[in-house]
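The values are calculated or read from the model by the stated rules, or taken from the named source; none is laboratory data. No experiment lies behind these values; they were computed from the predicted model shown. Note that each Cβ is placed from the backbone with ideal geometry, even for glycine, and that neighbours are counted across all protein chains shown.
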Ligand code: CA
């Protein structure tokens, strides 16, 4: 039976999650503070951790980082604030999934099952699985940094690859050019947001069948871009 650790300071939420997970057949342990949660996570064998972001003593960011240093079990981070979820993405803490509160407990159970299945496959296969993002005809192998469109490999520059991957990993989310510039180029280059437009154009030439009717990266006029699900 898979053992799950919930690190959550709001007892009612923790209990609700526990009830649903137990009904689904999991063995569940709750810790209410950051430091107790972290010690428990490191001291015992769990197959998955559900980690709240705002916690007394040590916050979820730090806990995630410290668990990740030692273990590669799935971590699902939860937060009441959408902004925090964006921040988690940006920090690259190594969490496997993110949920914004309030979420439905059955959605949580579904995600827990999906992550456990994936993790078990990975562990039982004994080989390191490449980290792949696949949406419709596009397959992005993040480990090998290769992109396939309908099975055919296309060559991407580093920034084109990073930009496509970022958008594909956050489908259905509209990003402004400024946000994309910040995300992909950060402080390393003196450029302007026009760079984003140029790169989007190049990516479209490689992935779209018809660049004037993009099926993957949509332009949201006056706002920015969105990867279609
Ligand atoms: Ca909290």
Give just the number: which of (1) part of a helix (DSSP H, G or I); (2) surrounded by fewer than 12 Cβ atoms within 10 Å (Cβ to Cβ); (3) under 16 Å from the mean Cα position of the chain (by Cα) does residue 112 not satisfy? (2)
Restricting to region 192-208, and then to whatever is out of contact with any strand residue (DSSP E or B) (no Cβ under 9 Å at 6 or more places or on another chain) and more than 14 Å from residue 160 (Cβ to Cβ), can you tell me which residue is modelled with the lowest pLDDT? 192
Residue 120 vs. criteria more than 26 Å from residue 87 (Cβ to Cβ) and assigned by TED's automatic domain parsing to the domain that holds residue 72: yes
When you scan region 40-53, do you find a residue that is out of contact with any helix residue (DSSP H, G or I) (no Cβ under 8 Å at 6 or more places or on another chain) and within 11 Å of the ligand (Cβ to nearest atom), even just one? no
Pick out the one residue from 167, 163 that is modelled with pLDDT of 95 or more, buried (at least 18 other Cβ atoms within 10 Å of the Cβ) and out of contact with any strand residue (DSSP E or B) (no Cβ under 8 Å at 6 or more places or on another chain). 163
When you go through (1) under 28 Å from residue 169 (Cβ atoms); (2) surrounded by fewer than 17 Cβ atoms within 10 Å (Cβ to Cβ); (3) modelled with pLDDT of 90 or more one by one for residue 94, which number turns out not to apply? (3)
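Being more than 16 Å from the ligand (Cβ to nearest atom) and crowded, with 18+ Cβ neighbours inside 10 Å is the filter here, so list the residues in region 21-39 that pass it.
21, 26, 28
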Surrounded by 21 or more Cβ atoms within 10 Å (Cβ to Cβ) and in contact with a helix residue (DSSP H, G or I) (Cβ under 7 Å, 6 or more places away or on another chain): which single residue out of 58, 67, 76 fits that description? 67
Return the total of residues in region 88-109 being more than 14 Å from the ligand (Cβ to nearest atom) and without any contact (Cβ under 8 Å) to a residue 24 or more places away in the chain. 6
For region 1-19: of the residues being touching a helix residue (DSSP H, G or I) at 6+ places or on another chain (Cβ under 7 Å) and more than 11 Å from the ligand (Cβ to nearest atom), which is farthest from residue 101 (Cα to Cα)? 2
Failed condition for residue 22, given (1) at pLDDT 95 or above; (2) in contact with a helix residue (DSSP H, G or I) (Cβ under 9 Å, 6 or more places away or on another chain); (3) within 23 Å of residue 118 (Cα to Cα), with all others met? (2)
Hey, among 145, 136, 111, 66, which residue is modelled with pLDDT of 90 or more and on the phi > 0 side of the Ramachandran plot? 145
